[in-house]
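Q: Structure below; questions to follow.
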Amino acid sequence: MPKLILLLLCCLLPASVLVGQAQAASSGWQSASHLQAELVSEYQQVVPGQRLQLALHFVPDPHWHTYWQNPGDSGLPTTLSWQLPQGVSVGDIRWPTPQAIALPPLMNYGFEGQTILLSELSIAPDYSADSIDIQLQADWLVCEEICIPAEAQFSLILPVASQAIAAADYQPLFAEAVARLPQPLSVQGQFDVSGGAFSAAITLPEAKSISGFFVAASELVDHAAVQQISLNGNQLLLQQALNTYFSSAPTQLELVLLADDGAYSVQLQQAVQASTEILVTQGQQSDTALWLVLLMAAAGGLILNLMPCVFPVLSLKALSIAANSQQQHKRDAVFYSLGVVLSFVTLALVLITLRSAGAAVGWGFQLQNPYLVALLVYLLFALGLSLSGVVQFGLGLMNSGSNLAAAKGSKGSFFTGVLAVVVASPCTAPFMGTALGYAVGQSAAVALLVFVALGLGMALPFLLLGLVPGFARLLPRPGAWMDTLKQWLAYPLYLSAVWLLWVYGRQSGVDAQAMLLIGVVCIGAACWLWGRKQLAQAGIVSMVIALLLLVLALAMPALAPAPQPAVKSPTQTNTNQHWQPWSADTLQQLRAQGKPVLVNMTADWCITCLVNERVALNTQSSKAAMALYDVTYLKGDWTLRDGAITEYLRLYQRDGVPLYVLYWPGQPPEVLPQILTPDTLSSTLERLSQQP
Amino acid sequence: MKLRNLVLAASAALLSLGLSAALQVGAPAPDFTVVDSKGNSHNLKDFAGKNVVLEWTNHDCPFVVKHYSGNMQALQAEMTAQDVVWLSVISSAPGKQGHVSGAKADELTASRNAVPTAVVFDESGVVGKAYDAKTTPHMYVIDKAGVLQYMGGIDSIPSAKVDDITKATPYFANAAKAVLAGNTPDPAVTKPYGCSVKY
């Protein structure tokens, strides 16, 4: 029993002491309308030279709120006015992360529920009095839908002694207050207010998923307007329309970012004139609904089936499916789809990994490496030979008509799917590079989803054929005509190979192209030998020779001479060429001179780019328009990897070519559409020149 | 190709929604038709040739109360004496703070010794949104040619304290006087402060 009493005493004694101490660290609660407030000190006894936190602790009624430093469209920030003895000073309010409080069409930034406003008190080392008398007058506006302004006086006397004593009872309150502060993030960031919008570019230390932001300067952004947030790797781009009452921007401002793992505070500098401006362009916005993006990706995948490099392979596969049994249809269709989807996911993962490893790559990267282009030439050529009947590939690809019995089952179907994606990949970049580049610019999860949708879209015809018996019945009956069709379909593949050969030639020069052509001959010979082996007309020696030829072919592009840098140097610029090569410096110089500039980012493998140049840029009318307005035409070539161009593309939130930007002096840069019409350039120039 | 076009079209549409027509000083003020507390209809065009002041108000808002301690009435008297049309606009939706009947509005005008040309109602908020009115009070000056010359706060100190009125720079009064003198106000755009308009 005495033990129990002792135990009780042990528990009660410190508690009663704490209550006594706690009173000294708080001003006590004050009641105002719809809000309770107290001033609390982190320490109940302080020492000279100490820095400590003071907290103004608000508990408003449910749904009532006070305001942040930028209150938004209405409201007032809480203000504190301190009276302190000589030798004691206090800092500004350390604002917690605000909440967006929407009152459509208006937007306010403030705090609902318990709110703790910290301020830092500094005591001079030579402070000699034995206590500090702290007087605070706080002014706030508390609103639900209606608003009530209030003010209150708080007073707190802290004893000064040789030892500091923390106010133990209030430590959880201060811990909570600190947890609610946005974490300062030491980053480089710039903002710009040109073009009717507040735009910011921030290089984050690591990629973060940002869901919203708060600009601390008042009357800068239209608080209720849509926030554009785009993350490209760790480069964060933000945009929001300017406030109607915007008049001038500070040189530096604070921004609070809401991330999935908490809130961060960053300091932004106003972008200096002539530095690169920040532009969130209309082409790539992050707020397109995800389902819409996925739907469009699936539609794009469906269209891929019609590409010249894919169609021949797939149409035959479709016919072979039609000839198989019902049971086999389903299995084939499912495994084929699996192969397609997994291959796209793998491609996406490779791209995301390369980018997170810091490589400046965008979609189309598979065509920027000459060796990969060479491999694709071999692949397309070999497939063509196979369709021509020179050789049979055992992937279940060519089980048309005659060798139905040779169905290779699930594995064959799966690898047909893989092969379909591989042969489709050169076709995705020139036609869909920008769209896929956009996808890759999103978070990894979204990018993967987009690629999965693309794969499903591409596999859709086979899924329908396999799973819906009605569709299979629509296909024509197999017969001898299929062999003829198969041989015809070899030619689109040869032509695709020729196109890639041309791309390779542009990348590596004519010498390397000749080497690659030798490699193509080796592939031809190897396929021929292999085909003879399949017909049992050749022995093991032929097989060995075929393998050697294959190795030789693979070595050819590696042995190819390095491309002559002179090929693309400006010294070779001939006189009737109306463009100059792009470089960031040239662009900046021209703009500093106040000249209008057209920038065209292109690549030889980008068919959209080539078409645009042919129909819209290299025409007499466009040349005349450029001459009339004295426009300097700069062209950047992304055929091979080029970090500077990738950087420039990212500035405009692009991840692929084409990109056309028109700079008119005194105007924000104008991004032209990705599909140009013959009069796009001249009409845009006319409009820009007529603006004041 | 199709995919990209779709992305482009969809996002261009979104952008144009985001940046809808902005109100600007120096440009014609948005037209409106409103009914006043006595049941008379007013159109901005009716006042061509006169300077017009628009004052967004809500008699229960503490910031409005601050200025109706005498400042607002003095401004109304000063302006209307110089042939300015002064419209006090109430955009509060039915059931919201500040929404009043015509009779109540007249009673408020009488009890506060206010002298606006008229108190007009904008229950639907159409006029308020066209002028991007965010707070009460929120002041606008439109010149004789129908051009918006000033928009923003009534003065420079955002507070609900009457004492601050004399300490503040009277942005609105300065702007209105400049317009009356045929000059362009400077500043022509300031930060409005007060309660939110109760749309």
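The values are calculated or read from the model by the stated rules, or taken from the named source; none is laboratory data. All of these numbers come straight from a predicted model, not from anything done at the bench. Glycine also receives a Cβ, built like all others from the backbone with ideal geometry; neighbour counts cover every protein chain displayed.
Q: Name every residue in segment A:135-159 that is over 50 Å from the mean Cα position of the chain (by Cα) and buried (at least 19 other Cβ atoms within 10 Å of the Cβ), in order of residue number.
A: Those that are over 50 Å from the mean Cα position of the chain (by Cα) and buried (at least 19 other Cβ atoms within 10 Å of the Cβ): A:L156, A:L158.
Q: Conditions first: (1) in contact with a strand residue (DSSP E or B) (Cβ under 8 Å, 6 or more places away or on another chain); (2) surrounded by fewer than 21 Cβ atoms within 10 Å (Cβ to Cβ); (3) on the phi < 0 side of the Ramachandran plot. A:P125 passes all but one, so which condition is the exception?
A: (1) is the only condition that A:P125 fails.
Q: For segment A:415-436, check the following and say yes or no: at least one residue is in a loop (DSSP other than H, G, I, E, B), assigned by TED's automatic domain parsing to the domain that holds A:P312 and either modelled with pLDDT of 80 or more or buried (at least 19 other Cβ atoms within 10 Å of the Cβ) (or both). Write out each step before concluding.
A: Going residue by residue through segment A:415-436, those that are in a loop (DSSP other than H, G, I, E, B) are none.
No, there is no match, as no residue in segment A:415-436 is in a loop (DSSP other than H, G, I, E, B), assigned by TED's automatic domain parsing to the domain that holds A:P312 and either modelled with pLDDT of 80 or more or buried (at least 19 other Cβ atoms within 10 Å of the Cβ) (or both).
Q: Can you work out which of the residues in segment B:175-199 that are surrounded by fewer than 16 Cβ atoms within 10 Å (Cβ to Cβ) and at negative phi is farthest from the other protein chains (Cβ to nearest Cβ)?
A: Taking segment B:175-199 and keeping what is surrounded by fewer than 16 Cβ atoms within 10 Å (Cβ to Cβ), we get B:181-184, B:186.
Going one step further and asking which of them are at negative phi, we end up with B:181, B:183-184, B:186.
Working: B:A181: 22, B:N183: 18, B:T184: 14, B:D186: 11 Å.
Ranking the qualifying residues of segment B:175-199, first place goes to B:A181.
Q: Among the listed residues A:L501, A:L474, A:L493, identify the single one that is farther than 17 Å from A:P312 by Cα and touching a residue at least 24 places away in the same chain (Cβ under 8 Å).
A: On the way: A:L474 fails: touching a residue at least 24 places away in the same chain (Cβ under 8 Å); A:L493 fails: farther than 17 Å from A:P312 by Cα.
Answer to the check: A:L501.
Q: For segment B:66-100, which residues satisfy the criterion of being within 14 Å of another protein chain (Cβ to nearest Cβ) and under 27 Å from B:S124 (Cα atoms)? Steps first, answer last, please.
A: Taking segment B:66-100 first, the residues within 14 Å of another protein chain (Cβ to nearest Cβ) are B:66-67, B:69, B:91-99.
Passing the criteria: B:K66, B:H67, B:S91, B:S92, B:A93, B:P94, B:G95, B:K96, B:Q97, B:G98, B:H99.
Q: Which pairs have Cβ atoms under 7 Å, sit 6 or more apart or on different chains, and link a residue in segment A:102-114 that is within 11 Å of another protein chain (Cβ to nearest Cβ) to one that is of a type in the set (F, W, Y) and in a loop (DSSP other than H, G, I, E, B)?
A: A:P105/B:Y199
Q: Also, I was wondering about something else. Among (1) within 14 Å of chain B (Cβ to nearest Cβ); (2) surrounded by fewer than 19 Cβ atoms within 10 Å (Cβ to Cβ); (3) touching a residue at least 24 places away in the same chain (Cβ under 8 Å), which single condition is A:V187 missing?
A: (1)
Q: Also: For segment A:143-168, which positions are within 14 Å of A:H57 (Cα to Cα) and in contact (Cβ under 8 Å) with a residue 24 or more places away in the chain?
A: The answer is A:A152, A:F154, A:S155, A:L156.
Q: B:Y140: modelled with pLDDT of 90 or more, closer than 30 Å to A:A150 by Cβ and in a strand (DSSP E or B), yes or no? Before you say what the answer is, go through the steps one by one.
A: On the way: modelled with pLDDT of 90 or more: yes; closer than 30 Å to A:A150 by Cβ: yes; in a strand (DSSP E or B): yes.
So B:Y140 passes the test.
Q: When the residues of segment B:184-198 are narrowed to those that are hydrophobic (A, V, I, L, M, F, W, C) and assigned to a loop (DSSP other than H, G, I, E, B), which ends up nearest to B:H138 (Cα to Cα)? Step through it out loud before you land on a result.
A: First, pick out the residues of segment B:184-198 that are hydrophobic (A, V, I, L, M, F, W, C): B:188-189, B:195, B:197.
Now narrow it down to the ones that are assigned to a loop (DSSP other than H, G, I, E, B): B:188, B:197.
On the way: B:A188: 13, B:V197: 9 Å.
The selected residue is B:V197.
Q: Just checking, which of A:Q239, A:Q252 is polar (S, T, N, Q), under 24 Å from A:L76 (Cβ atoms) and either more than 10 Å from every other protein chain (Cβ to nearest Cβ) or buried (at least 21 other Cβ atoms within 10 Å of the Cβ) (or both)?
A: On the way: A:Q239 fails: under 24 Å from A:L76 (Cβ atoms).
The conditions single out A:Q252.
Q: Does any residue in segment B:103-124 that is surrounded by fewer than 17 Cβ atoms within 10 Å (Cβ to Cβ) come within less than 6 Å, Cβ to Cβ, of a residue that is assigned to a helix (DSSP H, G or I) six or more places away or on a different chain, and which pairs are these?
A: The qualifying pairs are B:N113/B:Q73.
Q: Restricting attention to segment B:149-164, which residues are part of a loop (DSSP other than H, G, I, E, B), touching a residue at least 60 places away in the same chain (Cβ under 8 Å) and more than 10 Å from every other protein chain (Cβ to nearest Cβ)?
A: The answer is B:I154, B:V162.
Q: Further, regarding this structure: Got a sec? Which of B:K66, B:K38 is basic (K, R), in contact (Cβ under 8 Å) with a residue 60 or more places away in the chain and either within 19 Å of B:K129 (Cα to Cα) or surrounded by 13 or more Cβ atoms within 10 Å (Cβ to Cβ) (or both)? Working first, answer last.
A: On the way: B:K38 fails: either within 19 Å of B:K129 (Cα to Cα) or surrounded by 13 or more Cβ atoms within 10 Å (Cβ to Cβ) (or both).
Answer to the selection: B:K66.
Q: Here is a further query. Counting only residues that are touching a helix residue (DSSP H, G or I) at 6+ places or on another chain (Cβ under 8 Å) and in a loop (DSSP other than H, G, I, E, B), which one in segment B:101-132 is nearest to the other protein chains (Cβ to nearest Cβ)?
A: B:D122
Q: Mind checking which helices (runs of 4 or more DSSP H) fall wholly inside segment A:590-692 and carry at least 2 residues that are among the polar types (S, T, N, Q) and within 30 Å of A:A374 (Cβ to Cβ)? Walk me through how you get there before you give the answer.
A: Values: elements: A:607-612, A:620-628, A:643-651, A:680-690.
In segment A:590-692, A:607-612 are the helices (runs of 4 or more DSSP H) which contain 2 or more residues that are among the polar types (S, T, N, Q) and within 30 Å of A:A374 (Cβ to Cβ).
Q: Still on this structure: Hey, B:N113 hits all of (1) under 25 Å from B:S159 (Cα atoms); (2) in contact with a strand residue (DSSP E or B) (Cβ under 6 Å, 6 or more places away or on another chain); (3) not basic (K, R) but one; which does it fall short on?
A: Checking B:N113 against (1) under 25 Å from B:S159 (Cα atoms); (2) in contact with a strand residue (DSSP E or B) (Cβ under 6 Å, 6 or more places away or on another chain); (3) not basic (K, R), the one that fails is (2).
Q: From the list A:G519, A:G466, which one is buried (at least 19 other Cβ atoms within 10 Å of the Cβ), modelled with pLDDT under 85, closer than 30 Å to A:L349 by Cβ and outside the structural domain of A:W605 (by TED's automatic domain parsing)?
A: Working: A:G519 fails: modelled with pLDDT under 85.
Among A:G519, A:G466, only A:G466 is buried (at least 19 other Cβ atoms within 10 Å of the Cβ), modelled with pLDDT under 85, closer than 30 Å to A:L349 by Cβ and outside the structural domain of A:W605 (by TED's automatic domain parsing).
Q: Using the structure shown, decide if B:K167 is away from chain A (no Cβ under 14 Å) and either among the basic types (K, R) or on the phi < 0 side of the Ramachandran plot (or both).
A: Details: away from chain A (no Cβ under 14 Å): yes; either among the basic types (K, R) or on the phi < 0 side of the Ramachandran plot (or both): yes.
Taking the combined requirement at face value, the residue satisfies it.
Q: Sort out which residues of segment A:143-154 are within 13 Å of chain B (Cβ to nearest Cβ) and over 17 Å from B:T136 (Cβ atoms), and write them in order of number. Spell out the reasoning first.
A: First pass over segment A:143-154, keeping only residues within 13 Å of chain B (Cβ to nearest Cβ): A:143-151.
Within segment A:143-154, A:A150, A:E151 meet the criteria.
Q: Residues in segment B:91-101: is at least one without any contact (Cβ under 8 Å) to a residue 24 or more places away in the chain, more than 22 Å from B:G152 (Cβ to Cβ), surrounded by fewer than 21 Cβ atoms within 10 Å (Cβ to Cβ) and basic (K, R)?
A: Looking through segment B:91-101, none of the residues is without any contact (Cβ under 8 Å) to a residue 24 or more places away in the chain, more than 22 Å from B:G152 (Cβ to Cβ), surrounded by fewer than 21 Cβ atoms within 10 Å (Cβ to Cβ) and basic (K, R).
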